[in-house]
Each structure stands twice: as structure tokens, then as C-alpha cells.
Amino acid sequence: MGERLAGAEKEVLVEIVRFTQKNGLKGAEGGWKDFLARNDKKFGASVSDPKKRTKDVLLAFLVTFSKDFQKYFRKLVRRHAERRAIEQYMNEFSGRISPEQKLVQLTTEHLDYRKNYYFPSYQEGWKVMRIGKVSSSMNSGAMLAIDCEMVLCHDGTEAVVRVCVVDNKLEVKLDTLVNPLKAVADYRTHITGVSKKDLEGVTCSLVDIQKSLKKILAKGKILVGHSLYRDLYALKFDYSRVIDTAYIFKYANLPTTSTASLNSLCKSVCGYSVREDGEPHNCLKDAEAAMNLVTAKLKHGFNDPIEIAENSVPEPDQMKLLAHRIPVYLPCQELLKIFSGNPSIDEKIDSRIRGEFYSTCISFNDIDEADKAFDELDGQETKDSSGRLQKSVLLKRDNGDVAGFFVRKMVYGSRLSNSEVLKKRPQPTENTEQKKEDANGDNRKRQRTSKKHAKKAKAPVVE
């Protein structure tokens, strides 16, 4: 097993086991649940949350993997140790920390960081770059911003076809087309701006790009990008000293599961649009925009939540509804019965399980269909902790049980003002006749309804 893995803290082992779950990795005794079913006669796989298992059980599972996988697991332990060393250094020498490094730390503290930045670099073709000594990297403020364009290949993977890198003065350090070296199914020219003709005669490969990145990132430079993990994944380049511009700002009117697009964030923070509607991406402009966002953050702080205009949020997010606080015993496919239209559901919910509940997204064919489904949803209107409007619904299952959860739009705009509330829920005109009618109605209702029934009628049940 090795001393490094055996000596790791339990929370680190929990992360590694969850990593194996997310990536469908299996040891000699199968996946995590297979291992529990075989080795725990009392509980089996019914208590599958790694956090609820002992350190010995977690280690016993991880030792069933091959030596190559265990080597990778030790790398994850080392990463955790590096983060701890950085945190300790920042606490002890806070006055020596560069402002740029504080944004690196802000990125690593984001809820989605560990989910998105734990790369499968055990796979063939990946390059891993160490960050070097903690003391030297903490004082460095040198930054490079990167952006890539990817095409869809016939094997179902994405391949990089253009890479651009700029420094903090927006000077171009790298701008090159890349030959994917495999059959391309869709060049996505309307997005990437790259066509088959553009790649004719291009000899630069992904390996060449990886070598260039190792060279220009030497001496602990910070890599900047928007949703940077997507670029690093496509580049097969594992690097941990990063600033993700999607993570360093707070959003006043987006759910915690969403981030703003690069274009909408630049509108709110820098006052300009990276591209017009329908215009293809420009790799170089996107890299410059990411650097401009970091520069603005360093200069102005932007510590208060930023308002993101609804119509500037990525259209795919507007075509979804978020269902949350769903009991784990309720299969996600059963949720579809309460929505109008022709929705589908994201069944990859493992990373969003929180104790006894989980959340998932319901996808629709277009924005109008998503809006209509929410408006027609039979449920009591409430607000979440950030003041966003949502609906509390109850679903009656085929076995007679009733399950409750919440549904809200992925994008709903700002907190509702009094005038907006009136528009959403018009109040009756307050006149004498209406008051009499309401009073008579209340009396009749009290005669018909028992107190017990009134307590149960908090929210409608969807059959």
C-alpha cells in the first residue's frame, strides 16, 4: 500500500473513494458498492457514503486496485498535503502572500474545485506539473491566461484545435492551431471559428502544446482561465496553481450550481462584451477576457455579489429547472411525472448528494418550455436562502408514499421586489364587497375543514 496512502487522513481517503465512484473505477473486487456488498455482511452497500465508513474500510477498498492506480492515489494524497502546506503558510505569513496567490486560494476553496480539478491523469497521454516549493510560489504574482477551442471527434472525445496564451500585459505568448491527429466528427465552426481547411498542413500536436506549457509555466507561474478545468482536461495537463474566473466572483442571482458565462461576467465586471450574439468564439479574445477579469478583481475587489442579467446567462442553463432537497430514496426518473412538456433528466447526481438529499437538473427542449413547466408546476411558492423564487412540491408515488422537494429555475433574475411579487401573484382589489365575500368564504371554509386537515394542506400533492 505504501506509507503515504496508509498515513493519509480519513477525509483524503474519502475524497479518493469518491473519485473512484465518479470515474467508475474498479479494483480487484469491483467498484466501491461491489466491495461493500462482498465484505460487509451487516450493512452491505446500503451505507455507501464513504464518509460514514471507517478509515480501515476505505484503505481495504483502495488496496484492491493495481499498483499503477495506487501510485495515482498517492499523488492525490500529495496534492492534499500541498494544499495543507499552502494553507499553513498563508496563516503564518499572510503579509508575504501575493494578491494573485490569494485568488488561487479562493479558487481552491470553491465548492466545485475538488470535483472538477481532480483530473484522471493516471490515463495515457496526461502530463502532470508540480508547483514547486511553497515558499517561492506564494510570493510570485506572474500569471498567464489560456483558452482553447475543441472539436468533437468520431470516438466521442474532444480534441484541442487551437490554443492561445497571454500574459498579464495581454502580450501573446502562444497562439497556434493544433492537429487533433484523429477523425473529426464536428468542427463546430460556428463556435470554434476553426474549419477543416484551417487545419490543412498543421503539424503541431497536443504533445507539442504540453511541452510548450511546461516551459512557459516554469517557476511557479499562475494559470488563469474561465472554467479552466475544461481546457486542462482537453489539454490532458494536470496543473494545480490556477485561478478560475468562474469561481472567484459571487453571484447575486444564480443558483449555487451555476456560474456565469465569460461573456456575461465581462459585461457585469469589465463593462464590455467579449462577443456579439451568434459570433464564433475567438480564442485569443477569451484568454484576454479572463486576464482582464482577474486584473479587475485585483484592482476593485468585487467582494459583493454581482448581478448577472438573465438574458446574458448561457442559454443551456435557461433551458433547465433545478430540483433540490430530493430524498435519496426517490429515483430521479420519477420526478419527470410532475412536469409538462417533454423533459429529460440528468442522472449523474453522485457529486451532488448531500446527506439524505440530492439535487439534479431537469432539461427541456427550449427556454419557453422550461418557463411553462415551472409556471404550471403545482406547488407552494417560497424563497431559497438567497431570496430566489422556487416552488415546494409534493409527489405521490405509486406505492402511496409522498415525497417533497423544491424546484426553481436555473436563472430567475434578481430578488423579487414588491412590485415584481405583485406581478407574479396579483392581489385582489381591496374593497368592501370583496372583504365581505372573503369573510363569508372563510366562515364556510372553517365549517367544512378540520384543524387536522388544515395542517396537512400546506402544499398540493401531484398524483
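Here's the picture: a label point sits 7 Å out from the Cα of Cys153 along the beta-carbon direction, and within the stretch 180-218 the residues with their amide nitrogen under 13 Å of it are 180-186, 205-207. Taking label points 7 Å from Cα along the Cα-to-Cβ direction, Asp398 and Ser94 give a separation of 5.8 nm.
Taking the average, over residues, of other Cβ atoms within 10 Å as the packing measure, peptides 11-21, 224-234, 180-190 rank 224-234, 11-21, 180-190 from highest down. Packing, taken as the mean count of other beta carbons within 10 Å per residue, orders the peptides 398-404, 293-299 from highest to lowest as 293-299, 398-404.
Values in this text are rule-based calculations from the coordinates and carry no lab data. Note that this is a predicted model, so its numbers are computed, not measured. All Cβ positions, even for glycine, are placed from backbone atoms using ideal geometry, and neighbour counts span all protein chains on display.
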